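Here is the structure we will look at.
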């Protein structure tokens with residue numbers, strides 16, 4: 001199946017956090033509080049995706065309060081933190097939202113993402129993902145994690161669905 005055809009079935013995007021929505025760096029201040037840097041274009045992309053009637057979720061092995069805050073700010077539908085074994089969680093989330101695993105796109109960057117990426121209908125790797133992840137991905141972004149790669153993935157999917165121009169009409173006036 002062509003990658004563009006896989007995009008047409010996607011109703012739910014699940015994303016890793018560290019290395020996908022962030023650049024993968026972990027920063028702690030002197031009090032041990034974690035700091036993450038998110039890209040504003042990823043945020044708008046997630047909002048556009050959700051405004052289009054689609055669902056967005058986060059699956060991450062780590063647990064971080066800032067992920068909860070950012071997810072809430074963006075209206076993310078599902079946030080599952082602290083799960084190193086992500087495949088069963090992906091199946092669970094898809095089922096809870098009424099989707100099959102074939103209707104899921106997963107965006108990942110590293111080895112813990114491989115089982116999910118092998119199972120979903122559309123697997124997307126960020127540009128700086130490890131070789132193994134890029135090897136199983138149906139599509140690899142041009143942008144690295146934390147630099148707008150999720151927005152790029154959303155644009156790619158919605159363009160394949162023929163929806164992108166309508167989704168951005170509010171901004172372009174066209």
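The values are calculated or read from the model by the stated rules, or taken from the named source; none is laboratory data. The shown structure was predicted, so the numbers you read here are calculated from the model rather than taken from an experiment. Using ideal geometry, Cβ is built from the backbone for each residue, glycine included, and neighbour counts are taken over all protein chains shown.
Taken together, 73, 84 contain a single residue that is at pLDDT below 95 and touching a helix residue (DSSP H, G or I) at 6+ places or on another chain (Cβ under 9 Å), which is 84. When you check residue 127 against the structure, is it in contact with a strand residue (DSSP E or B) (Cβ under 7 Å, 6 or more places away or on another chain) and surrounded by fewer than 18 Cβ atoms within 10 Å (Cβ to Cβ), yes or no? Against the criterion (in contact with a strand residue (DSSP E or B) (Cβ under 7 Å, 6 or more places away or on another chain) and surrounded by fewer than 18 Cβ atoms within 10 Å (Cβ to Cβ)), residue 127 qualifies.
When residue 28 is tested against the conditions (1) within 21 Å of residue 121 (Cα to Cα); (2) exposed (fewer than 14 other Cβ atoms within 10 Å of the Cβ); (3) touching a strand residue (DSSP E or B) at 6+ places or on another chain (Cβ under 7 Å), the lone failure is (1). Filtering 170, 174 for residues that are under 17 Å from residue 50 (Cβ atoms) and either over 15 Å from the mean Cα position of the chain (by Cα) or outside any loop (DSSP other than H, G, I, E, B) (or both) leaves a single hit, 170. Residue selection: residue 113 fails the criterion of being farther than 22 Å from residue 160 by Cα, in contact with a helix residue (DSSP H, G or I) (Cβ under 9 Å, 6 or more places away or on another chain) and assigned to a loop (DSSP other than H, G, I, E, B). Selection of region 120-154 for residues being within 16 Å of residue 7 (Cβ to Cβ), in a helix (DSSP H, G or I) and either at pLDDT below 95 or touching a helix residue (DSSP H, G or I) at 6+ places or on another chain (Cβ under 6 Å) (or both) yields 150, 151, 154.
Of the strands (runs of 3 or more DSSP E) entirely within region 1-101, those holding at least 1 residues that are in contact (Cβ under 8 Å) with a residue 12 or more places away in the chain and farther than 16 Å from residue 152 by Cα occupy 55-60, 78-81.
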